[in-house]
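For reference, the structure is listed below as structure tokens.
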Amino acid sequence: MTTQTYSNLNIDDRGVARLTLNRPEVHNAFDDSLISELNAHLDRLREAAGRGEVRVVVLGSEGKSFSAGADLGWMKRMVEYDVEDNLADSRKLSQLMHGLDTLPCPTVCRVQGAAFGGAVGLAACCDIVIASEKARFCLSEVKIGLSPAVISPYVQRTLGPRQMRRYALSAEVLDAATGLGLGLVHRVVGHDDLDDEVETMIDTLLSGSPQAQRATKALLAEVAREPDADATRERTCRVIAELRVSREGQEGLASFFEKRRPTWAPDQNAPDKPASEPNS
């Protein structure tokens, strides 16, 4: 018997991984099965990114909605859960958000439509968010007596405390332009241009040194936690010193002075190669 899957993971020969929610019939709503799948995918991506096999992760979804948040059937089941069961469930969602937020490589979120509830957390955990003009965002939890609790560290970091208070308490729906103004979204494009814009960003990211991107992402997380600490300042000095003498650092400087493409950057004139088979 074939096990039903709600997401898929493809990794192409450039090291671009596409993690795709695939429950369009329910607007890619979360349930415990989808969360478990995504956690397993993220574990695989973390290992592959650490080995340099995955360079960019694109999070997207099938259908007209990015994700409607929690699945109705799942919420009905959770009504019967006690506090301990709910706590175990919430910890799995927390694992998903933390896992996405701390992937070593750059992450791009492709938002084509509605992103409600926990889906706002997914967007906030990605490094770069590109949205269609049709995208909509909503921290909708208080409308049904709940709270955006698990996603709040990531969304508040993105929006800032003042804006977080408004939108978490009001559950207002934000259009793409408002999301852009608040810093939740980095770029808004016409709906038909969304995939082209994502590909342009992938090409831009692939032109950077994979080692430098991993080091920079890890460093920025430290800087955000303790920007004025002596240990942080020392860490910034050590990161640049180690990168300067590393193989990729030496190659980057040499390619710059020799006016050539560095070895890690793909040849933009090379024909596209097929992606690997889907892995669910």
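The values are calculated or read from the model by the stated rules, or taken from the named source; none is laboratory data. For clarity, every value in this text was computed on a predicted model and none was experimentally measured. Heads up, the Cβs are rebuilt from the backbone with ideal geometry, glycines too, and the neighbour counts pull from every protein chain shown. Heavy atoms of the whole protein, side chains included, go into the accessibility calculation; ligands, DNA and RNA do not. Shrake-Rupley method; radii C 1.70, N 1.55, O 1.52, S 1.80 Å.
Values computed for the structure shown
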read-out	value
Most to least packed among 38-44, 55-61, 170-176 [average Cβ atoms within 10 Å]	55-61, 38-44, 170-176
Farthest positive-ward along the chain dipole, Cα basis, beta-carbon charges - from Pro161, Gly99, Leu72	Pro161
12 Å cut-off, amide nitrogen to a point 7 angstrom out along Glu133 Cα→Cβ, residues in the range 174-196	176-177, 188-194
The range 1-71 versus the range 176-233: alpha-carbon centroid distance in Å	19 Å
Selected from Val83, Leu182, Thr20, residue furthest toward positive end of dipole (the chain; charges at beta carbon)	Leu182
Partnerless Cys - the chain, beta-carbon criterion under 4.7 Å	Cys105, Cys125, Cys138, Cys237
By average C-beta atoms within 10 angstrom, highest first, the peptides 93-102, 26-35	26-35, 93-102
Whole-number accessible area per residue in Å² for the chain, which is evaluated in the context of all protein chains at 1.4 Å	54 Å²
Percent antiparallel among DSSP beta bridges (both partners in the chain, rounded to 5)	30 percent
Cα-centred dipole magnitude for the range 7-205, charges only on beta-carbon of K, R (+1) and D, E (-1), debye, nearest 20	600 debye
Aspartates and glutamates with Cα under 20 Å of Lys259, excluding same-chain neighbours fewer than 8 positions away	Asp203, Glu248, Glu251, Asp267
Set of lysines with alpha-carbon distance to Lys143 below 29 Å, sequence-local pairs under 8 removed	Lys64, Lys76, Lys92, Lys134
For peptides 120-128, 245-253, sequence by mean Cβ density within 10 Å, most packed first	120-128, 245-253
